[in-house]
Each structure stands twice: as structure tokens, then as C-alpha cells.
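As C-alpha cells, the structure follows; a few thoughts come after it.
The values are calculated or read from the model by the stated rules, or taken from the named source; none is laboratory data. Model, not experiment: these values are computed from the prediction. Cβ: placed from backbone, ideal geometry, glycine included. Neighbour counts: every protein chain shown.
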Amino acid sequence: MGAVRSVFITGASDGIGAALAGQYAARGWTVGLVARRRDRLEALAKTLPSLSTVHAVDVRDDAAMHQAGSEFLERVGVPDVVIANAGVSAGNLTEVEDDLETVRWIFDVNVLGLARTFQPFVEPMRQRKHGQLVGIASVAGIRGMPGAGAYCASKSAAITYLESLRVELRGSGVKVTTICPGYIDTAMTTANPYRMPFLLSADEAARRFVRAIDAERRLVIVPWQMAIVGRILKVLPPAVFDALFVRAGRKPRRARPDEG
């Protein structure tokens, strides 16, 4: 029997993160569960059929994230997969002064949170010449939607950051996978006051994510229908895009679901 494999997942207390934890635990992997709410993590850990470790930390905290990574490395070893899944969403308006805090909060979690999650593991993975870093971005990073400038920009930044990291690590044995979901039925999307085409459950999304990770895909959009939409959006001329989306539905401001 081979060595037990392991995965380290942020935003693991609910939604996609919890669903991913369930997928890997069902395979017998050791699962590192990371989120702010210890009670939810411990409740989740009790339901998993494999060994898990609980790390109640905020992805905005540099020192705490480094400590969580170090603890996992010491207790479990170098993970096979690290999934930076924690993310937040809210609408914002640039003319509203209070929304500057929203912009800062979204970038701190959705962009800097990626780097904080990966940082403790990159060098150990390099030394082992094996491992996979997975970042959860979004199709929202393809074009900027009105009323969601911070969220769209953060996901665009995440896609670009992950691409840079992938090229940096080329030839090292460490793979980087960027996953761009469309609409997933989680606490983050329940507040959206508009139609969400091709909506997936968190469990179905997690199954598709794991397949993409297994295949070591560099960049994948889930579901495939949103990949087609994304390609179309990407090539629309600015004037056409502006005319089509000026009246698009907008994310609620200050609807700040806690990151998982």
C-alpha cells in the first residue's frame, strides 16, 4: 500500500471548500481544513472518513497562515495538493468612500490570500519535485462587470498571479492549476438578485474541480458552458461590451458573507 496522500484546503468550513474536503476524504486522503471558524471546521472534521487537521486561521493574517502551513508540514508532511479556495464577494461603488474598505477586504482575501496559502509549501514541494498548487479564481475575472469592480478585478488578478506562478515553477515538478468557476450554489451567490445560468451545486462543482486537478489542467472553466460564454466575452469589442452590460444585474453592496 502506498503512502497516504494529503491536501490542504482554505475556505474549508462550508460551500465549495467543504465539498472538496469531502471528495478527498472519500479517497482516504489526509485533509488539512483551514478557515476562521473552528467550530465549523471541527464539525466538518467529524463527518470525514479520513484523518484531518484543523487550522482555525484567517487568510488575511500573514503570520497565522505561515504557522498553519508549518504545522501541517510538521504533522502530515508535504501535501500533494494545496487548494487556495477562500474567497469573498460584494458589490462596490467607487464614489462611495466606505466602499474603499470593501475593495481592500476583497483583494486581501481573494488575491493576497492565494500567496499566503501557497508560500509555506512552494519550497518544500520544489525540494520534493512534486506537488500541485490550485487557485480558485472565477469567470468574473474575464471582464469587468458594473457594480462589482473589486470582485472582478480581484479574480482577474488571481488568474494572472496563478499564470505567473505556473511559469515560474515550470520544470520544478510543481504544477499550478487555475480553476475559474461560473455560478455555484453557495452562501456567496444566494444574495445575487439576478439570474445565474448554468448554476452548479457545491458538490457537483467539487467533483468537476477534482477531475481537473487530477488531470493537472493548467486553466479550466467550470462548467463547460461558461467556458463558451467566457470566450465570447473576451473577444467582444469594448463598445459592444459596454452597451450590452451597462444594465447588467449588480451584486449587493455590503453583502459581505464571511470567507470560509
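Structural remarks
- Enumeration of residues in the range 185-217 that are of a type in the set (A, V, I, L, M, F, W, C) and either in a helix (DSSP H, G or I) or under 22 Å from V7 (Cα atoms) (or both): A202, A205, A206, F209, V210, A212, I213, A215
- Looking only at the range 1-29, and only at residues there that are aromatic (F, W, Y) and either crowded, with 24+ Cβ neighbours inside 10 Å or assigned to a helix (DSSP H, G or I) (or both), the one that is farthest from the chain's Cα centre (by Cα): Y24
- Taken over the range 49-105, the residue count meeting the criterion of being closer than 28 Å to K129 by Cα and small (G, A, S) is 10.
- Given (1) in contact with a Cys (Cβ under 9 Å, 6 or more places away or on another chain); (2) buried (at least 19 other Cβ atoms within 10 Å of the Cβ); (3) closer than 26 Å to L244 by Cβ, number of the condition I136 does not satisfy: (3)
- Odd one out for I184, checked against (1) under 16 Å from the mean Cα position of the chain (by Cα); (2) crowded, with 21+ Cβ neighbours inside 10 Å; (3) over 19 Å from V88 (Cβ atoms): (3)
- Against the list (1) surrounded by fewer than 16 Cβ atoms within 10 Å (Cβ to Cβ); (2) modelled with pLDDT of 90 or more, the condition L200 fails is (1).
- Test: residue in the range 135-153 that is within 30 Å of V76 (Cα to Cα) and either at pLDDT below 95 or in a helix (DSSP H, G or I) (or both): no
- Condition met for V57 (within 15 Å of the chain's Cα centre (by Cα) and among the β-branched types (V, I, T)): no
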